[in-house]
Amino acid sequence: MTIITLLTDFGLRDSYVAEVKGVLLTLAPGATLVDVSHDVPPGDVRAAHIVLSRVWHRFPAGTVHLAVVDPGVGTARRALAAAANDHFFVAPDNGILSFLPTGTQLVELPIGETASATFHGRDVFAPAAARLANGSPLSSLGREAPDPHRLALPEPHREGATWVGEVIYVDGFGTVVTNLRQDMLGNAGRLRIAGRDAGPLHRTFADVRRGELVAFTGSSGTIEIALRDGNAAKVLNVAVGATVKAVEPPLPPLPR
Amino acid sequence: MTIITLLTDFGLRDSYVAEVKGVLLTLAPGATLVDVSHDVPPGDVRAAHIVLSRVWHRFPAGTVHLAVVDPGVGTARRALAAAANDHFFVAPDNGILSFLPTGTQLVELPIGETASATFHGRDVFAPAAARLANGSPLSSLGREAPDPHRLALPEPHREGATWVGEVIYVDGFGTVVTNLRQDMLGNAGRLRIAGRDAGPLHRTFADVRRGELVAFTGSSGTIEIALRDGNAAKVLNVAVGATVKAVEPPLPPLPR
Amino acid sequence: MTIITLLTDFGLRDSYVAEVKGVLLTLAPGATLVDVSHDVPPGDVRAAHIVLSRVWHRFPAGTVHLAVVDPGVGTARRALAAAANDHFFVAPDNGILSFLPTGTQLVELPIGETASATFHGRDVFAPAAARLANGSPLSSLGREAPDPHRLALPEPHREGATWVGEVIYVDGFGTVVTNLRQDMLGNAGRLRIAGRDAGPLHRTFADVRRGELVAFTGSSGTIEIALRDGNAAKVLNVAVGATVKAVEPPLPPLPR
């Protein structure tokens with residue numbers, strides 16, 4: 001049966017996620033529901049975008065991805081469904097789908113008159129996801145829509161011999177995900193963050209001693225900085241938006 | 001296949017939820033398990049009751065709802081199974097099923113001699129839920145039982161031109177769910193909570209500015225008070241049981 | 001369809017669990033995925049071992065248990081798959097499978113060249129679990145391996161008329177799980193922990209008054225100490241490793 005993944009900021013304490021699942025299983029009996037996360041920080045569209053961009057392509061073709069982090073519910077923001085690479089996406093038009101390639105097929109979902117003005121996840125997005133899971137063509141769900149709203153995502157820039165990027169995500173282990181890529185480090189480059197030297201690129205955590213910072217290419221392709229057996233974000237006192245630099249030698253010494 | 005929903009206060013850190021699921025999938029192979037929540041505050045029967053009352057009717061007919069928030073496990077409190085509106089319910093008799101209509105068909109589940117005295121969720125309720133999922137008639141699960149224990153739920157009352165209700169639930173976003181209904185506000189009424197004016201009824205969050213209180217009819221039919229892009233319960237410093245008033249003009253000014 | 005259970009310390013906020021599930025459902029379409037827990041404290045192999053040892057045998061024969069608490073990812077620690085009692089297990093060789101009987105059939109999984117050095121859960125263990133779910137024989141997954149690494153688990157010892165054990169787990173309710181067994185208490189023995197008398201063995205919580213300590217044989221067979229309607233671990237200020245004694249009378253009085 002078709003898989004429907006769910007990504008929300010609803011949390012798992014209240015009734016909201018289960019209300020959505022009840023609608024999905026009523027309208028698409030037998031669908032396989034998979035939680036991506038319901039613990040996106042409330043209203044954090046950028047975090048939701050990063051999580052979904054890492055996940056969707058791990059699922060089989062035909063999967064429907066329902067993503068509802070929707071601080072603008074009830075405003076004029078559009079409700080979207082999209083198809084790309086044989087996957088389907090249903091989400092508010094607030095940037096959560098920024099990872100979709102240009103030219104992705106998009107439709108705008110109508111908001112039914114009986115839809116709660118505060119819970120489109122249940123009353124607008126879930127019914128659309130169920131229809132896609134049942135095999136309805138995307139074009140039958142609404143009228144064609146232009147490109148979605150795209151987040152202004154930070155891009156690294158060059159300052160002399162140094163690439164300057166930033167922290168784009170901090171995971172539950174305190175690992176700091178940056179937007180720097182391996183090729184920006186050169187052959188002998190080192191990472192710098194929060195006034196500290198985070199060393200050269202390593203292969204994995206175990207390449208440094210416990211309690212030391214370790215930089216490596218993360219599982220989604222950009223450089224991440226962790227603390228072996230610890231929480232890098234806490235120790236460095238950094239959050240999303242903090243500056244990270246890839247510097248090439250010679251460079252003055254910094255504390256490790 | 002039959003759906004079994006699960007609502008507990010077991011949390012997701014320990015083995016308990018999975019032990020229950022193992023029993024369910026052993027006794028009812030192929031059942032579709034859906035978590036409602038496992039993060040009900042420990043022993044909070046009233047919160048569990050509210051969550052389940054919002055959720056069960058979203059699922060298709062035939063669904064079995066297993067709800068185990070059971071501070072009285074091992075006492076003389078009865079173990080129940082019930083059928084109403086083509087849904088089935090399995091739960092301790094402590095008020096968690098207060099939303100069931102009078103006259104609901106009920107049976108008392110026997111407690112097997114080998115059942116752990118501290119884990120009826122696994123040893124009493126899960127096997128009963130599995131049997132219902134497999135199509136066993138309710139009457140085969142135990143002897144007929146009278147009406148379940150019902151929580152004494154607060155009802156709004158009138159004081160002159162004012163309806164006085166209370167906070168019955170606070171969700172994970174900090175939205176305050178009250179027991180007041182739209183008709184109690186009249187045409188020009190305003191909400192009052194914690195010494196503050198929460199304004200007239202709006203349609204959705206976006207009808208006020210960021211950081212302002214917004215009252216609206218929630219997705220389950222009563223009035224809720226949120227803070228746009230914030231946490232109303234924290235800012236108001238209110239919890240379940242706090243007083244909320246629907247006042248009609250003219251009324252003296254209060255800070256917003 | 002085959003059940004695959006998942007136990008990790010990945011948390012539910014990030015993309016990691018869903019990345020693993022995407023791989024599982026791509027390689028083993030139709031498998032039933034069941035979360036055991038993703039909230040094991042980061043890197044706490046001993047806690048993961050206890051949770052899994054309580055859970056696996058509740059599932060039907062043929063179930064595949066995927067357990068990834070893997071602080072040594074990318075080091076020389078082996079990746080294992082095992083078969084015991086008609087269940088399958090896939091996990092790093094760090095002690096998480098210590099509960100398996102001696103002589104369990106084990107194979108060492110090869111680490112593919114394209115596997116991320118920081119995410120074997122997705123790139124090594126999930127594909128192996130999917131193959132087992134699809135019916136591949138264990139022997140086809142890797143070369144035979146000797147006994148797994150086993151944790152040095154604490155065993156109670158005798159001091160005169162007293163059995164001295166320790167706290168081996170603290171659950172989400174604050175219930176303290178010990179390694180003492182009922183037979184160590186004798187007929188009139190009492191429990192002692194953190195300088196307090198925890199009383200004789202009772203049957204269930206309700207055998208003491210609210211706010212009192214209650215010792216009972218837990219659902220997995222050893223003695224546990226709870227606080228009725230409260231959090232024993234917090235009130236006693238104990239954690240894993242704390243000493244617990246089973247003392248036989250006569251004994252000097254201690255505060256309850």
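The values are calculated or read from the model by the stated rules, or taken from the named source; none is laboratory data. Since this is a predicted model, take the numbers as computed values, not measurements. Glycine gets a Cβ as well: all are built from the backbone with ideal geometry, and neighbour counts include every protein chain shown.
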Report task. Only residues that are farther than 15 Å from C:Val238 by Cα and in contact (Cβ under 8 Å) with a residue 40 or more places away in the chain: list them for segment C:209-218, please. Result -> C:Glu212, C:Gly218
Query raised in the report: Say we look at segment A:1-27 and pick out the residues that are more than 9 Å from chain B (Cβ to nearest Cβ) and assigned to a loop (DSSP other than H, G, I, E, B); which of these is surrounded by the most Cβ atoms within 10 Å (Cβ to Cβ)?
Result: A:Thr2
Report task. Within segment B:56-68, identify whether any single residue is without any contact (Cβ under 8 Å) to a residue 60 or more places away in the chain and touching a Leu at 6+ places or on another chain (Cβ under 8 Å), and answer yes or no. Result -> yes
**Report entry** Residues located in segment B:169-198, provided they are under 27 Å from the mean Cα position of the chain (by Cα) and not hydrophobic (A, V, I, L, M, F, W, C)
**Finding:** B:Tyr169, B:Asp171, B:Gly172, B:Gly174, B:Thr175, B:Thr178, B:Asn179, B:Arg181, B:Gln182, B:Asp183, B:Arg190, B:Arg192
Report task. Look through segment C:125-168, keep the residues that are part of a helix (DSSP H, G or I) and farther than 18 Å from C:Leu33 by Cβ, and return whichever of them is nearest to the chain's Cα centre (by Cα). Result -> C:Leu138
Report summary line: Expected output for segment B:101-116 (first residue away from chain C (no Cβ under 14 Å), partner in a loop (DSSP other than H, G, I, E, B) and hydrophobic (A, V, I, L, M, F, W, C), Cβ below 7 Å, 6+ apart or cross-chain) is B:Leu106/B:Ala145; B:Val107/B:Leu141; B:Val107/B:Ala145; B:Glu108/B:Ala145; B:Leu109/B:Leu141
Report summary line: Apart from one, (1) in a helix (DSSP H, G or I); (2) under 27 Å from B:Glu224 (Cα atoms); (3) of a type in the set (Lys, Arg) all hold for A:Arg54; the odd one out is (2)
**Report entry** Sole exception among (1) more than 14 Å from chain B (Cβ to nearest Cβ); (2) in contact with a helix residue (DSSP H, G or I) (Cβ under 8 Å, 6 or more places away or on another chain); (3) in a helix (DSSP H, G or I); (4) buried (at least 24 other Cβ atoms within 10 Å of the Cβ) for A:Ala48, by number
**Finding:** (2)
Report summary line: Picking from B:Ala76, B:Ala67, the residue that is surrounded by fewer than 19 Cβ atoms within 10 Å (Cβ to Cβ) and aliphatic (A, V, I, L, M) would be B:Ala76
Query raised in the report: Out of all the residues in segment C:110-120, which are among the hydrophobic types (A, V, I, L, M, F, W, C) and within 22 Å of the chain's Cα centre (by Cα)?
Result: C:Phe119
Query raised in the report: Somewhere in segment C:36-44, is a residue crowded, with 20+ Cβ neighbours inside 10 Å, within 12 Å of another protein chain (Cβ to nearest Cβ) and farther than 30 Å from A:Pro41 by Cβ?
Result: no
Report task. For segment C:77-100, name all the residues that are under 17 Å from the mean Cα position of the chain (by Cα) and within 14 Å of chain A (Cβ to nearest Cβ). Result -> C:Pro92, C:Asn94
Report task. Collect the residues in segment B:199-245 that are more than 13 Å from every other protein chain (Cβ to nearest Cβ) and of a type in the set (S, T, N, Q), keeping them in residue-number order. Result -> B:Asn237, B:Thr243
**Report entry** Filter pass, C:Gly30 being at pLDDT below 95 and either within 25 Å of C:Gly135 (Cα to Cα) or away from chain A (no Cβ under 12 Å) (or both)
**Finding:** yes
Query raised in the report: Between a first residue in segment A:12-28 that is within 11 Å of B:Thr63 (Cβ to Cβ) and a second residue that is in a loop (DSSP other than H, G, I, E, B), which pairs have beta carbons less than 6 Å apart while being 6 or more apart in sequence or on different chains?
Result: A:Gly22/B:Phe59; A:Thr26/B:Pro60
Report summary line: Checked pairs for segment B:169-194, first of a type in the set (Asp, Glu), second surrounded by 18 or more Cβ atoms within 10 Å (Cβ to Cβ), C-beta under 7 Å and 6 or more apart or across chains, list as B:Asp171/A:Asp14; B:Asp171/B:Val177
Report task. Could you please give the count of residues in segment B:105-124 that are of a type in the set (A, V, I, L, M, F, W, C) and part of a helix (DSSP H, G or I)? Result -> 1
Requested in this report: Would you check if there is a residue in segment C:88-98 being out of contact with any Leu (no Cβ under 6 Å at 6 or more places or on another chain) and farther than 23 Å from B:Val23 by Cα?
Outcome: yes
Query - Selected residue [among the hydrophobic types (A, V, I, L, M, F, W, C), more than 19 Å from the chain's Cα centre (by Cα) and closer than 30 Å to B:Val40 by Cα] from A:Val107, A:Val23, A:Val69, A:Val51 - result: A:Val23
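Scan segment A:115-131 and tell me whether some residue there is hydroxyl-bearing (Ser, Thr, Tyr) and exposed (fewer than 14 other Cβ atoms within 10 Å of the Cβ).
no
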